[in-house]
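Report on the structure given below.
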Ligand code: SAM
């Protein structure tokens with residue numbers, strides 16, 4: 001997968017060089033390019049914002065630098081030196097890349113959406129600042145990209161960068177080979193509509209608290225049953241909304257007998 005991120009604060013994306021995502025980039029599992037929007041301006045002040053039409057507080061991001069940046073990325077001109085596209089060895093994308101526009105007014109980012117986006121070959125993230133990006137950019141970009149405004153949650157951040165850090169991590173860890181043991185992706189919270197069961201490690205007794213005895217029993221059937229029960233209990237306690245929307249078709253035969 002290739003990811004391009006456009007931001008006026010490229011340094012904000014530096015953590016994407018660390019940990020599993022950083023290693024995935026080193027191993028060639030993920031190509032990630034960060035672009036400074038200001039390099040696509042044409043005035044000496046490198047202006048990216050202006051006052052809003054209709055009045056009101058704050059500034060709005062100007063359309064021209066965004067169009068320059070996105071056109072350049074869509075044409076492949078922004079590929080990193082040394083990448084296949086930069087060296088002309090690629091026939092070019094056959095489908096439109098997905099342009100994700102982080103926005104509190106977008107569809108909610110979920111694990112299901114992370115799985116969906118992890119299937120794409122190319123993702124482009126446009127980090128807004130101020131009051132957001134001139135709306136015409138999204139309309140125009142639909143000619144080059146599949147445009148998806150996406151929200152991290154029902155709150156307002158100062159910019160799209162933090163949302164991109166979260167989304168790239170959630171998507172990137174689903175790419176084949178990024179997480180060492182793919183089994184660990186299977187039983188996670190939200191993978192099947194429930195939260196994960198509680199987890200414990202050594203020592204078995206700590207500050208007057210014991211690890212649940214079943215986990216020390218060696219009985220794998222009983223452990224699986226306990227974990228499944230805990231998934232339902234915890235989901236009901238913490239996220240009853242998830243349980244209300246739980247698809248009964250996901251109930252296993254053991255679930256139907258036990259609960
Ligand atoms: N005026 C906008 C509104 O009310 O919808 C909020 C603008 S916010 C201060 C600046 C930028 O932060 C947005 O353009 C977006 O890129 C990003 N942002 C803020 N909250 C976000 C959220 N919950 N999810 C994703 N991106 C967010």
Q: Run the numbers on region 191-259 and let me know its relative contact order in percent, using alpha-carbon pairs under 8 Å that are six or more apart.
A: 43
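Using mean Cβ contacts within 10 Å as the protection proxy, how do 251-259, 133-141 order, highest first? All intermediate terms of the calculation are to be shown ahead of the outcome.
Values: 251-259: 11.0, 133-141: 18.0.
Highest-to-lowest ranking by the protection proxy: 133-141, 251-259.
Rounded to the nearest 5, what % of the DSSP beta bridges within the chain are antiparallel ones? Each step should come with its number before you reach the end.
Working: 4 of 26 bridges.
Restricted to the chain, the bridges split so that about 15 percent are antiparallel.
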Q: Give the share of C-alpha pairs in each 5 angstrom bin for region 120-259, from 0 to the last occupied bin, in whole percents, shortest bins first.
A: 2, 7, 12, 14, 14, 14, 12, 10, 6, 5, 3, 2, 0
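Given 20 °C and 1.002 mPa s, how large is the Stokes-Einstein diffusion coefficient of the chain in µm²/s, with Rh as the Kirkwood radius over Cα pairs?
Numbers: Rh = 21.1 Å.
Taking Rh from Cα pairs, D becomes 102 µm²/s.
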Q) Could you give P(r) for region 181-226, binned at 10 Å from zero, as whole percent values over all Cα-Cα pairs? A) 22, 44, 31, 3
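Given the -39500 (n - 2.57) contribution per DSSP H run of 4+ residues, what per-residue ellipticity at 222 nm results for the chain, rounded to the nearest 500 deg cm²/dmol? Each step should come with its number before you reach the end.
Values: 8 runs with 77 residues, N = 259.
Calculated mean residue ellipticity at 222 nm is -8500 deg cm²/dmol.
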Q. With springs only between Cα atoms under 10 Å, which of 246, 40, 125 fluctuates most in a Gaussian network model of the chain?
A. 246
Q.
Taking every pair of distinct Cα atoms and averaging 1/r, then inverting, what Kirkwood hydrodynamic radius in Å comes out for region 101-198?
A. 14.8
**Q.** Relative contact order (%) - region 93-219, alpha-carbon pairs under 8 angstrom, separation at least six
**A.** 30
Q: Take the alpha carbon atoms of region 149-166, find their center, do the same for region 211-226, and report the distance between the two centers in whole angstrom.
A: 39
Q) Where does each of 197-209, 2-14 land if you order them by average Cβ count within 10 Å, highest first? A) 2-14, 197-209
Q | Relative contact order %, the chain, counting alpha carbon pairs below 8 Å whose residues are six or more apart | A | 19
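The numbers here are math on the coordinates, done by the rules we state, and not lab data. Only a predicted model underlies this, so the values are computations on that prediction, with no experimental measurement involved. Every residue, glycine as well, gets a Cβ built from its backbone with ideal geometry; the counts of neighbours run over all protein chains shown.
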